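None of the figures in this text is laboratory data; all of them are computed from the coordinates on show. Computed from a prediction, not measured in an experiment: that's the story for all the values here. Cβ atoms come from the backbone with ideal geometry, glycine included; neighbour counts cover every protein chain shown.
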Amino acid sequence: MKKQMKRRDFLKVAAAGAGGALSLGGAAAAVPGAAPKVPGLVSPGCRGSKVKVARIYMGNPEGLWPKPDLDLRGEVRFYQNKFAEMKDEFSDVDFFVDELVTSPEQAGALSGRLKDADGILVIHLTLRVSPILEAILAVGRPTTVFAVPYSGHDWTRFGALRKQKLGEKMECLLTSDYHELAAAVRPFRAIHHLREARILDNTEDFSSEYADAVRKKFGTEIKLATRSQVLEAYDAVDDDRAKAEAERWIGGAVAVVEPSREEIFKSCKLALAFQEMLDRQQATVMTVDCYGSMYHQLPAFPCIGFTRLNDMGLGGICESDLQCAMTHILFQGLAGKPGFISDPTLDTSINSIILAHCLGSTRMDGPDKPACPYRIRSIMERREGAVPQVKMDLGRKVTQAILLGTDRMLYFTGEIIDTPDTDRGCRTKITVRVDGDAEKLWQNWTNGLHRVTCYGDISRELGQFCRFEGIELVNEAV
């Protein structure tokens, strides 16, 4: 088989060819039916196991603040009611330690159990709790302190404590907004997702060095999926199932433009094969070296299969881009939403970046949320295959990031101001007005084309995750 240059490498030295794209704007907004369900999916991006969070209520019976006669157990009941009101936010969380702690000795006695936590949520109740907090931090697990106003004056030491070795994995939420309790858990969820994740990489250029590095750092397992394994799974898919899946995609589309029904059928049969492979190995992400060693080596292009996995709460990643796969898993943990891998082009006249890729996921808000309208198109550069061209929502805040190696994260945020209708560039496009300076963004840009974008400004949660995991976080737009 002739060796193919990877597309992301090729585009570093050559301009992408122009291509046709039809407008989504004037058509009736057709949307696909309900996304297929994944058996055993605990939350988007995670199979089988819940996030292990230690919930500790931290109070001193002699604390005097916020008042001398504070009923500590009454405070615990108050918070339990708050958690119950937000039960859907914690449906994938196991509060396996759930204690009122009133002394450093009591905290120390819990240390053996706390070591098993993905993260520790400490709810600050009274004054004079610093020795308790220090005993908890000594365990060395990611820890977030939640403190409403009048909890006590201990917060005045938190900033200095975070600069010490003891507090290097400490975060704080000093707020009267009890919904921040749910936000506190999101970085723990991301840590758990990465540790539990298994990625199948269909390629002939498998990187064992990278796989070893991410497994050592995060616990993520990356496994080779050979061409023969994919073909075996493809051949095992019942044709009637594949036809029904193809009709679901065709019926949900605003229009089918270039691809034939046969092309869509083959794409959907491959999509079902991907899910079967992931289910069989309890994996969560599939990626294919589709413009490299697997180009024209499979019965169809993987684009519909990837979109389908993303819409279901799993992951489908273009071009064997394992760094994007890791970032996608991270986004699902932090936001419960899939990522959109893209190739960028700048428009500094409106302080914006245009993010384009032929593959677009229809359920950018998550598998249980409404879908975006889409057309079924060919891949722009190659004029072959079948891919959903998705019209995303205007006015949405987005976060774009890429995890480089195991210790550096590049990111920026912005707002979708346009979904361009042009025959240039990839099929799915969004124009994002940058929070910051687009001039600085291009000047700071390194490490190739691909980034991953998800709905929402999750920069705070991203920062907390990076602090817990010892990752340098760099805003490219400042």
Quiz prompt | Positive-end residue of Leu181, Ile136, Gly59, charge dipole of region 47-192 with Cβ unit charges | solution = Ile136
Quiz item: Hey, fewest Cβ within 10 Å first, where do Cys372, Cys303 land in order?
Solution: Cys372, Cys303
Quiz prompt | Net charge of Cβ neighbours under 15 Å - reference Glu134; Lys, Arg +1; Asp, Glu -1 | solution = +4
Quiz item: For region 239-290, which semi-axes, largest first and in whole Å, follow from the square roots of 5 times the eigenvalues of its Cα gyration tensor?
Solution: 23, 12, 10
Exercise. Quote the convex hull volume per residue of region 121-265, based on C-alpha atoms, as a whole number of Å³.
Key: 211
Self-check item: Order of Asp71, Asp94 - criterion: other Cβ atoms within 10 Å of each residue's Cβ, fewest first
Solution: Asp71, Asp94
Practice problem: Sequence neighbours fewer than 8 away in the same chain don't count; with that in mind, list the lysines whose C-alpha is under 16 Å from Lys243. | Solution: Lys266, Lys269
Exercise. Taking the chain as the reference, fit the longest principal axis to its C-alpha atoms, fit the long axis of helix 180-196 to the helix C-alpha atoms, and give the angle between the two in degrees, 0 to 90, nearest 10.
Key: 60
Quiz item: In the neighborhood of Ser361, defined by Cβ-to-Cβ distances under 13 Å, what is the net charge if each Lys or Arg adds +1 and each Asp or Glu adds -1?
Solution: +3
Quiz prompt | Fewest-first sequence of Glu196, Glu204 by Cβ atoms within 10 Å of each Cβ | solution = Glu204, Glu196
Quiz item: Compactness ratio of the chain: Cα Rg over 2.2 N^0.38 Å, N = residue count?
Solution: 1.04
Quiz prompt | Between helix 261-280 and the chain: long-axis angle, C-alpha atoms, 0 to 90°, nearest 10 | solution = 30
Self-check item: Unsatisfied cross-links (Cα-Cα over 32 Å) in the set Lys67/Lys169; Lys115/Lys337; Lys163/Lys223; Lys50/Lys169
Solution: Lys163/Lys223
Self-check item: Mean separation of Cα contacts under 8 Å (6+ apart) over length of region 47-192, as relative contact order %
Solution: 30
Exercise. Order the peptides 332-339, 149-156, 404-411 from the highest to the lowest mean number of other Cβ atoms within 10 Å of their residues.
Key: 332-339, 404-411, 149-156
Quiz item: What 222 nm value per residue comes from the helices of the chain, counting each DSSP H run with n ≥ 4 as -39,500 (n - 2.57) and dividing by all residues, nearest 500 deg cm²/dmol?
Solution: -9500 deg cm²/dmol
Quiz item: In debye, nearest 20: dipole of the chain around its Cα centre with unit charges on the Cβ of K, R (+) and D, E (-)?
Solution: 300
Practice problem: Would you please put 52-65, 238-251 in order of how densely packed they are, using the mean number of other Cβ atoms within 10 angstrom per residue and starting with the highest? | Solution: 52-65, 238-251
Exercise. Starting from the Cα gyration tensor of region 434-478, multiply each eigenvalue by 5, take the square root, and state the resulting semi-axes largest first in whole Å.
Key: 20, 13, 11
Quiz item: So what does log10 I(q)/I(0) come out to for region 47-192 at q = 0.13, 0.14, 0.17 Å⁻¹, using the Debye formula with one equal point on every Cα and no solvent?
Solution: -0.52, -0.61, -0.92
Exercise. Using Cα centres only, tell me the gap between region 94-141 and region 261-290 in whole Å.
Key: 44
